[in-house]
Amino acid sequence: MKALSKIYIFIIFFFLYVPIAVLVFFSFNNSKSRSVWSGFTLKWYYRLFQNQQILSALSNTIIIAIVSSLLATIIGTMAAVGIMNMNKLVKKTVMNITNLPMVNPEIVTGVSLMLLFVFIYNKFGILKPGMATLILAHTTFCLPYVILSVMPKLRLMDVSLYEAAQDLGCAPAVAFGKAVIPQVMPGILSGMMMAFTLSIDDFVISYFTSGNTQTLPIVIYSMTRKIVSPEINALSTMLFVVVLSLLLIVNFKQIKEISKRKATTPTKGVNAN
């Protein structure tokens, strides 16, 4: 039974990571061949940074990811605080509504947002599909992840610190900033990194709400419809490294926080009678 489980895990990891390893390997291949190794080179990375279309898409992607992750973090943190103060029934209803975008197919979300933005533009002449709609769309689908990252920290926080800060003369907003925010900061940072990562590699929703604005996933898709250039291997490798680095940072922070909490939690002694 153990042997079968090990074989099963090996097969899963093989199909998940071997294609990525092949992509990274051939991004350093001297020729355009995707099956024959002809020597090590960095020329595809050099050409990648000479491609103005890719550089423009990279700039758009970074701007959208930064702005949308910041907006999602601010709104999500405020929403998490509000949800925590609701009664049990309302809180459960709101959380179910919050979780709905995560289980909803992305294509449904993308088409829905596209129809909404087109309606607003045709009716009021604002929100023409482009950078603004991409930021709003990315903020929308990143929001639930921020809320889910902040909520557990709010449950674990010491409410007495907030009350003590007010007793000592702090205004509610000042007490919130000095007593609450530091306690939930790990959840806020985790949610922001998760939102940034999701925004960078999103394709489906971006495709329907981008208008004439191009992001990296859209450019990669348009390039793969033609002849597959080794530049795509280099670009995909860089995206993989960035996303993997962000995820490792989030995971290491969570592991460090759990270890710190275990170290500071007093162990219950056993009374020997």
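Only residues that are surrounded by 11 or more Cβ atoms within 10 Å (Cβ to Cβ) and either in the same structural domain as Ile20 (by TED's automatic domain parsing) or modelled with pLDDT under 75 (or both) were counted in the range 231-259, giving 4. Set side by side, the residues Met1, Met78, Met84 differ, and just one is over 24 Å from Leu239 (Cβ atoms) and at pLDDT 90 or above, which is Met78. Please indicate, with yes or no, whether at least one residue in the range 118-132 is modelled with pLDDT of 90 or more, within 23 Å of the chain's Cα centre (by Cα) and among the hydrophobic types (A, V, I, L, M, F, W, C). Scanning the range 118-132 turns up at least one residue that is modelled with pLDDT of 90 or more, within 23 Å of the chain's Cα centre (by Cα) and among the hydrophobic types (A, V, I, L, M, F, W, C). When the test is whether a residue is touching a Ser or Thr at 6+ places or on another chain (Cβ under 8 Å) and either in contact (Cβ under 8 Å) with a residue 12 or more places away in the chain or under 30 Å from Pro152 (Cβ atoms) (or both), Ala72 passes it.
Considering only residues that are out of contact with any Ser or Thr (no Cβ under 7 Å at 6 or more places or on another chain) and in contact (Cβ under 8 Å) with a residue 12 or more places away in the chain, which ones fall in the range 102-132? Result: Met102, Glu106, Ile107, Thr109, Val111, Lys128. Residues of the range 115-162 that are surrounded by fewer than 12 Cβ atoms within 10 Å (Cβ to Cβ) and of a type outside the set (A, V, I, L, M, F, W, C): Asn122, Lys123, Gly125, Arg155, Asp158, Ser160. If you check Leu115 against the conditions, is it of a type in the set (A, V, I, L, M, F, W, C), within 14 Å of the chain's Cα centre (by Cα) and either modelled with pLDDT of 85 or more or not assigned by TED's automatic domain parsing to the domain that holds Met185 (or both)? So Leu115 does not fit the description; no.
The values are calculated or read from the model by the stated rules, or taken from the named source; none is laboratory data. Remember, it's a predicted structure, so these values are computed and weren't measured experimentally. Glycine gets a Cβ as well: all are built from the backbone with ideal geometry, and neighbour counts include every protein chain shown.
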